[in-house]
Structure formats: structure tokens, C-alpha cells
Amino acid sequence: MQSRKQIFIIEDEEDIAELLRFNLSLEGYDIKTFPDAESGLQAVLKESADLLLLDLMLPGMSGLEICRQIRADHKTKSLPIIMLTAKGEEADIVRGLEMGADDYITKPFSPKILNARVAALLRRENKHMPDQSSDIMINNVQIHPGRHEVLVDGKKIDLTHSEFQILHFLAMRPGWVFTRGQIVDAIRGENYAVTDRSIDFQMVGLRKKMGSAGEYIETVRGVGYKFREE
Ligand code: CA
């Protein structure tokens with residue numbers, strides 16, 4: 001029998017922590033809540049959580065700092081983390097994602113969204129990362145890294161090296177939001193000219209060349225981009 005997944009919650013607002021606990025308990029998870037950064041961080045580093053819900057605005061230590069410390073510890077460096085943020089805190093979301101958080105939920109949130117995000121992240125953790133060289137097929141888009149080739153509706157489209165790398169990077173993890181900085185890091189290497197800003201221009205070109213399939217590449221306002229998960 002599979003044991004119940006343990007979800008830790010670090011959230012100083014009692015009613016929000018309670019709402020999280022209530023909804024996630026109904027889904028069959030074991031929940032532990034921590035009202036402050038210090039006790040939460042200690043528990044995460046010592047015990048074995050399966051997933052962490054982390055409020056960014058905490059007294060004492062910020063959620064971003066907690067995230068950094070969790071990622072710096074070899075035992076917890078791949079612990080799934082979902083940040084809890086207030087609406088309008090896109091800059092914090094971007095920093096959190098770049099600090100290693102996997103996803104975020106903006107408050108106020110619906111239980112449906114919460115449960116879906118948690119389940120999706122736990123599911124992802126069970127799946128191995130696709131191989132860099134594996135072919136990817138999503139809807140009418142086929143990506144062949146070995147041949148450096150992209151087909152839409154069976155027809156080859158002509159992409160620049162950077163456009164190909166960006167598309168491949170996003171399509172390897174459909175549904176994940178990546179910041180411009182993360183995309184730059186992922187495709188850098190031989191191509192040092194790439195900047196955060198130029199990513200936006202690359203996206204325009206990429207979408208145009210992909211035709212109707214270009215809509216799979218979604219802009220997440222103030223945060224970055226994702227390949228839409230079907
Ligand atoms: Ca808070």
C-alpha cells in the first residue's frame with residue numbers, strides 16, 4: 001500500500017493555513033502546518049516532506065530565503081515547492097521561480113486550483129525528466145532534437161537555432177512556467193547574445209513561424225512563458 005503523501009505548509013496567516021489544511025486533507029494528504037519561517041524551515045530540513053507550500057511573506061525570514069536554503073541542502077534540493085503569493089507580486093514570483101520554486105499559487109485561490117496544482121506537481125515528481133534527445137510530440141507539433149527539426153501538421157518549419165532551443169526547452173516540460181532568466185540560462189552556451197528582453201522578440205518570431213500552433217506558447221503576464229499543457 002502506498003503511504004500518504006506528506007505536505008508541509010509554511011504560512012503565518014492562520015485562516016489561510018487552515019483552509020489549505022482542510023482542502024488538502026480531503027484529498028487524502030497528511031498535512032503539517034508551521035506558522036513561522038524558522039520552525040517550518042527546520043522541519044523541512046529534518047523531516048521528509050513530499051511537497052512544500054510556502055508563503056512568501058513571512059515575519060522573520062522571507063519565503064525566498066527559505067527557498068534558497070532548501071535548495072542549498074542536498075537532502076531537500078529537489079523537494080517540490082509551490083509558492084503562495086498575493087496578487088500583483090509578479091516580481092516575487094519571478095525571483096521565487098529563479099530561486100528554485102516549482103510553481104506558484106496566487107491568493108485568494110480556489111480549492112480546485114490548489115488541488116490541481118498539488119496533484120500535478122506530485123505527478124511530475126514521479127515522472128522522470130524526458131531525455132534531452134527524445135522526440136517530443138504534442139498535439140500537431142513534433143520536435144526532433146537529433147535532427148534539429150520541428151514539424152507542425154507534418155510540415156517542417158524553419159527555425160533559428162535559438163528559436164529551436166527555446167521551443168524544445170518549453171515543450172520538454174509542458175505546463176511549467178519559466179521566467180525569461182531561466183530560458184536565457186537554458187539556451188545560453190554557444191549563444192551569449194541572448195538577454196531577457198531578446199527572449200520576447202524570439203517568442204514573436206517563434207509563434208509566427210509555428211502558425212496556429214504558436215498559441216501553445218503562452219505568455220504568463222509579468223512572469224514568463226510556458227508551453228500549454230493539454
Ligand atoms: Ca504571510
Take region 134-151 and flag every residue that is of a type in the set (A, V, I, L, M) and surrounded by fewer than 19 Cβ atoms within 10 Å (Cβ to Cβ).
Ile136, Met137, Ile138, Leu151
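With a cut-off of at least 1 residues that are more than 26 Å from Glu98 (Cβ to Cβ), name the strands (runs of 3 or more DSSP E) lying wholly within region 129-230. Full working, then the answer.
Values: elements: 136-138, 141-144, 149-152, 155-157, 217-220, 224-227.
Strands (runs of 3 or more DSSP E) meeting the threshold: 136-138, 141-144, 149-152, 155-157.
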Exactly one condition in (1) under 20 Å from Thr179 (Cβ atoms); (2) within 13 Å of the ligand (Cβ to nearest atom); (3) out of contact with any Cys (no Cβ under 7 Å at 6 or more places or on another chain); (4) not acidic (Asp, Glu) is not met by Leu54; state its number.
(3)
Conditions: (1) within 12 Å of the ligand (Cβ to nearest atom); (2) hydroxyl-bearing (Ser, Thr, Tyr); (3) assigned to a helix (DSSP H, G or I). Thr85 meets all but one. Number of the miss?
(3)
Yes or no: Leu24 outside any strand (DSSP E or B), more than 16 Å from the ligand (Cβ to nearest atom) and within 22 Å of the chain's Cα centre (by Cα)?
yes
Quick one: in region 60-78, which of the residues that are within 25 Å of Pro108 (Cβ to Cβ) and surrounded by 14 or more Cβ atoms within 10 Å (Cβ to Cβ) is nearest to the ligand (Cβ to nearest atom)?
Gly63
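Just to be sure before I move on: is Ala91 small (Gly, Ala, Ser) and either surrounded by 22 or more Cβ atoms within 10 Å (Cβ to Cβ) or more than 30 Å from Thr219 (Cα to Cα) (or both) in the structure I sent? Let's see the steps before the verdict.
Numbers: small (Gly, Ala, Ser): yes; either surrounded by 22 or more Cβ atoms within 10 Å (Cβ to Cβ) or more than 30 Å from Thr219 (Cα to Cα) (or both): no.
No, not satisfied.
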Among the polar types (S, T, N, Q), within 16 Å of the ligand (Cβ to nearest atom) and at pLDDT below 95: does that describe Thr33?
no
Selected residue (criterion: farthest from Met83 (Cα to Cα)) from residues of region 1-20 that are away from the ligand (no atom under 12 Å from the Cβ) and surrounded by fewer than 15 Cβ atoms within 10 Å (Cβ to Cβ):
Met1
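The values are calculated or read from the model by the stated rules, or taken from the named source; none is laboratory data. Source: prediction; values computed, not measured. Heads up, the Cβs are rebuilt from the backbone with ideal geometry, glycines too, and the neighbour counts pull from every protein chain shown.
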